[in-house]
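Working notes for the structure below.
Nothing in this text is a laboratory measurement; each read-out follows from the coordinates by a stated rule. Since this is a predicted model, take the numbers as computed values, not measurements. Ideal geometry is used to build each Cβ from the backbone, glycine not excepted, and the neighbour counts take in all protein chains shown.
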Amino acid sequence: MAWQLFRLGRWSFVHRRVVAAVWVVLLAVLAIGAATLSGKTSDKFELPGIESTQAFELIEQRSPQASPDGATARVVFEAPAGRSLTEPAYNSAVATALRELSTENVQSVADPFTAGSLSPDGRVGYAAVTYTKTANELTDADRSALETAAHNAESAGLDVAIGGDALTEFEMPLAEVVGIAVALVVLAITFGSLVAAGMPLLTALVGVGIGMLAITTLTGFVELGSTTPALGTMLGLAVGIDYALFIMSRYQSEVRAGRSLEEAAGRAVGTAGSAVVFAGATVIIALVGLAVCNIGFLTQMGLAGAFTVAIAVLISLTLLPAILGFAGDKVMKGKPRYLKQQTAEAEFRTHGRRWVDGIARHKWLALAGGIAVAAVAALPMTSMQLALPDDSSKPGGSDARIAYDLISENFGAGANGPLVVVVDTANAADPAAAVHTATENLQAMSDRPDSDIATVVPAVTSDTPQARQMFAQQLETVRFATITVIPASGPSDQATKDLVADIRTTVADLPAETGARALVTGQTAVGVDIADKLTDVFPLYLAVVVGLAIFLLIAVFRSIWVPVKAALGFLLSVGVSLGATVAVFQWGWLNELVGLDTTSPVLFILPILLTGILFGLAMDYEVFLVTRMREAYVHGTPARQAVIDGFTHSARVVVAAAIIMIGVFAGFALVDDVILKSIGFALAVGVLADAFLVRMLIVPAVMLIVGERIWWMPKWLSPLVPAFDIEGEGLARRLDKTAVEPPAERVLTGS
């Protein structure tokens, strides 16, 4: 493979105009496609087969005009202190606002004066607005109606805040600017050249552009989640810069060794490019492996991320050497004045050598200390709670947060996330009696002293003969009824999630008693069901992804223990990342540093998404670091000395790559969207822990302790594993025309 990559890199260098033209044309075609074919993304988290989704499907099937998963808005009106919304002027202003809310996509508007959503003192009331379409399908007229109603009510002297998802419009954040700024500084210091520093940024931006335009075009044909493009941007930018950094570093080393620019480009792609291919392959395996979970939105995010990573690999192998061809020897020039005269590479090697020498002298202490730090940092993970994000996690002062807080203060936190019990009466002998039985069971639950139910709103709120008759007729037509349960706790509280399980236990005997069945749904129920599903499939996902990646690493390093050690180290990184996320987001430790002013459970998809992404990135650092160690080993250096030499040569690249990735992910941790914020924060901490604690402390300590046995592989396995010349030994022999047998045969084997 190294020889083929050498040819590709050299060809791209020589035929740079052709290569550049191909990528530019592809970028232009996708830009046209994105501009003309794109559709809208979705904010829905749905999973077929779970109870909460089955309830939505039942309602849609039997009442096609209903949209149980449509967008919602909660318009909260607040009168001045000491005044009441029941006063004629304010009452009229609210009534006018409610009329202005109606558009063709509005399904219902609950008047606070008749729906029981007026506070006891009359000062605060809210109107629950439901739509027939999801938030991303709403029109400008729908949103304009909300804003106009709020503005006119405010003109009458009321304070108005709007919660829910109807006004939520996902926008790509400017977080990339933070990552690019960090990357530029790090690259300039690493390469000692502004020209060289700009090249990885240029290729990474081209890769991100192609990936995002392709995903945007795809939205015209497939419904994609709103976080899918952002995740692709995050990963594409991070790995795109890092992969180009690795090849650029090798290119400069080859040029300093006296190679011609053309040969240096070929050798850099043939050697460092091999590591990039395998590093990218591990990331792609981890992301594509999310499809094992059989959860639509996770599969979309994984495939989109894998696509942008694949583009980043291809661009690093082709467009980067082409740009090097355009730059010529300028890539070795343009050193900023503020850098010291001594080259950055020499400084890094000096510090790297001192660091690894210190580990060699105190290897057992380094190993024990590193594991102890990781274990302590991971402790908060034991109390992790998972939930869907809600308005309580929005920034303080935002409309959604103000609306949430006003409703919580005046009506209880549970009013922000009611549960819905759907009673399916299709097989009930007496449908009305079945609904009555379910209501009585729920009411009995709410009467218990330890109950978390604040209110049970029955399907029939009036007990008059006329109301009962109308309800019976309705049941004959649609064959279902809905009972609303208002929890005492907030939507993301653990008590509300426990309540979902309690309600399901309470109504479990309903089929035997009445022939009807009851399904529990609502935002909290959806989150509980998806979190349970993720927990069930997580072991399978981990086994498939880690198993494939370990086999790939066995082929790369011709060793059993190196991949096993890499995987065990990754578990420490995940533990640190999740522990820090719980401490900041759930416990509130130092949460102001990431722009949070409240606590909330951890995003329910974060553990499995973090595992997939971080595993791939962790294997990146393992490949970048250990490749140079193995390269020294196969060239005849004793095993322990090879660890020291390899670390000295690769530490500069790993440090620079890690800082760049941390900068990219930290930029996303500063945006307002809590989903992106939590993902960005968890990845930034995970990369920090994996690169500096695991790969640069624990890994060399283990390899120095084990010595030559770290490269052991059973004799029976060796012929079954394909051999890849990732160290470039075969490439070097072919180019140098030597007849020396490859030292790569120095692989410990045993039965």
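General observations
- Going from the residue with the fewest nearby Cβ atoms within 10 Å to the one with the most, SER489, SER577 rank SER489, SER577.
- ³J(HN,Hα) computed for each position of the range 489-494 - Karplus, 6.51 cos²θ - 1.76 cosθ + 1.60, integer Hz, glycine/proline x: 9, x, x, 9, 6, 4
- Antiparallel DSSP beta bridges within the chain, as percent of all bridges there, nearest 5: 85
- Our compactness index for the range 467-578, the C-alpha radius of gyration over the empirical 2.2 N^0.38 Å, is 1.80.
- Per residue, the convex hull spanned by the Cα atoms of the range 68-164 amounts to 83 cubic angstrom.
- Calculated FRET value between ASP532 and GLU409, using beta carbons and R₀ = 35 Å, to 0.05: 0.65
- Förster radius 51 Å - calculated FRET efficiency between ALA95 and ASN427, Cβ distance, rounded to 0.05: 0.75
- To the nearest ten degrees, helix 296-327 and the longest principal axis of the Cα atoms of the chain are 30 degrees apart.
- Integer Hz, Karplus 6.51/-1.76/1.60 couplings in order for the range 9-26, x for Gly and Pro: x, 5, 4, 5, 5, 6, 9, 4, 5, 5, 4, 4, 5, 4, 5, 5, 4, 4
- Panel values: the range 593-689, Kirkwood radius from alpha carbon pairs, Stokes-Einstein at 37 °C and 0.692 mPa s, translational diffusion coefficient 218 µm²/s.
- Only DSSP H runs of four or more residues enter the estimate; each adds -39500 (n - 2.57), and after division by the residues of the chain the mean residue ellipticity at 222 nm equals -20500 deg cm²/dmol.
- Here the label points at HIS351 and GLU104, each 7 Å from Cα along the C-beta direction, are separated by 6.3 nm in the simple model.
- Put a dot 7 Å past the Cα of GLU513, heading toward its Cβ, do the same for VAL22, and the two dots end up 6.9 nm apart.
- Residues whose amide H lies under 5 Å from that of TYR131, counting only those 5 or more places away or on a different chain, are ALA71, GLN107; hydrogens are built 1.01 Å from N in the peptide plane.
- Relative contact order (percent, whole number), the chain, Cα cutoff 8 Å, 6+ residue spacing: 19
- Put in order of Cβ neighbour count within 10 Å, fewest first, the listed residues ASP399, ASP509, ASP529 become ASP509, ASP399, ASP529.
- In this label model, GLU476 and THR148 are separated by 4.2 nm, measuring between points 7 Å along each Cα→Cβ vector.
- Computed from the C-beta positions of ASP399 and ILE705, the FRET efficiency with R₀ = 41 Å rounds to 0.10.
- 4 °C / 1.567 mPa s Stokes-Einstein diffusion coefficient of the range 398-543, Kirkwood radius on C-alpha pairs, µm²/s: 78
- When the convex hull of its Cα atoms is projected in every direction, mean area for the chain (nm²): 37.5
- Considering only ILE679, PRO714, PHE585, the residue lying farthest towards the positive end of the dipole of the range 578-721 is PRO714, judged by Cα position with unit charges set on Cβ.
- Sorted by Cβ neighbour density within 10 Å, fewest at the top, the residues SER155, SER446, SER67: SER155, SER446, SER67
- Segment SER451..LEU590, full-extension length gain: 46.7 nm, with 0.36 nm per residue of separation and the alpha-carbon distance subtracted.
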